[in-house]
Amino acid sequence: MRMTRKLTVAFLATVAAGLGTVEASALPRCRAPVEGFATATGILGAGSEKARIEARHNWRATVARLYGPRYSDFRNAQGRQWDCKKGAILLAKCVVVARPCRY
């Protein structure tokens, strides 16, 4: 009976100690911010949408070249900031800046 109680206490202490810790592999590893940019033409917002998509592709390619493909998933990026503007009559330009992260 005493041995069972000691084992139970030891088990509960081990579980309680593990609840407050986070595995290092579960934390994000982020790099310095990277910029992606693109221009596109179109009317009624189509140019802006194309420029956004291409800016995201440009960001991914730049990140993959600098830090490797594990960092190039835009969904994991932190601090995303977009700046999209219409230029001349049909030209739109988008710039995205984000910190590439991997998990």
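Laboratory data are not the source of any read-out in this text; all were calculated from the coordinates shown. Note that the coordinates shown come from a computational prediction; the quantities given were computed from them, not determined experimentally. Neighbour counts run over all protein chains shown; Cβ positions are idealised from the backbone, glycine included.
Figures for the structure shown
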read-out: Subset of segment 76-94 that is within 16 Å of A32 (Cα to Cα) and either of a type in the set (K, R) or in contact with a Phe, Trp or Tyr (Cβ under 7 Å, 6 or more places away or on another chain) (or both) - its residue that is surrounded by the fewest Cβ atoms within 10 Å (Cβ to Cβ); value: R80
read-out: Residue list for segment 40-75, filter: surrounded by 15 or more Cβ atoms within 10 Å (Cβ to Cβ) and part of a strand (DSSP E or B); value: A40
